[in-house]
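Here the structure is laid out as structure tokens; the discussion comes afterwards.
What follows draws every value from the coordinates through simple rules; no lab data is involved. Values in this document were obtained by computation on a predicted structure and should not be read as measured data. Please note: Cβ atoms are built from the backbone with ideal geometry, for glycine as well, and neighbour counts cover all protein chains shown.
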Amino acid sequence: MDELVKKFALLTIEKESDPFNSKKANRLFDQRHAIFKTLQKENKLIDLKQLFDHRDLNVVLAAATHYLVENPKEALEKLSDLSKIDGIIGFAAKNWIEQWKNGEVNFDY
């Protein structure tokens, strides 16, 4: 697995381990977004698919949402699978699907 993809996963796990620490979460989010932008620039967003079977569902959710810009069909299929899970993961996946369908997802920042 590519080092950037590993780091993407690790940052997601760390971010979700302390979700109420907004300063830390924002820093980790920014680092993860920088990895996304690098993968996008290098035409390597497909590498995020390696995380679709990760044991941590937060990682799967993050990978699927960021993969929307590369392959919406595959990303939406994974998000649809996640949307069937009870709890915050399923709720978040449903929201991402709805936002994508409404044209509200933008990673260009």
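Things to note:
- Listed from fewest to most Cβ neighbours within 10 Å, the set 5, 105 follows the order 105, 5.
- Note on the chain: GNM, Cα springs under 10 Å; of 47, 81, 18, the largest mean-square fluctuation is that of 18.
- Eligible lysines near residue 49 by straight Cα distance, threshold 18 Å, same-chain separation 8 or greater: 6, 7, 37, 41, 73, 78
- The shape of segment 1-64 comes out oblate: with a ≥ b ≥ c from the C-alpha gyration tensor, a/c is at least 1.5 while a/b does not beat b/c.
- Residues residue 106 and residue 42, FRET efficiency given R0 of 22 Å [Cβ-Cβ distance, rounded to 0.05]: 0.65
- Among 16, 98, 42, the residue with the largest mean-square fluctuation in a Gaussian network model of the chain, with springs joining Cα atoms closer than 10 Å, is 42.
- In the set [x] 27; [y] 60; [z] 31, the label that goes with percent of Cα pairs over 21 Å apart computed for this structure is [z].
- Karplus-based coupling profile of segment 19-24, in residue order and whole Hz: x, 8, 8, 5, 4, 5, with θ = phi - 60° in 6.51 cos²θ - 1.76 cosθ + 1.60 and x standing for Gly or Pro.
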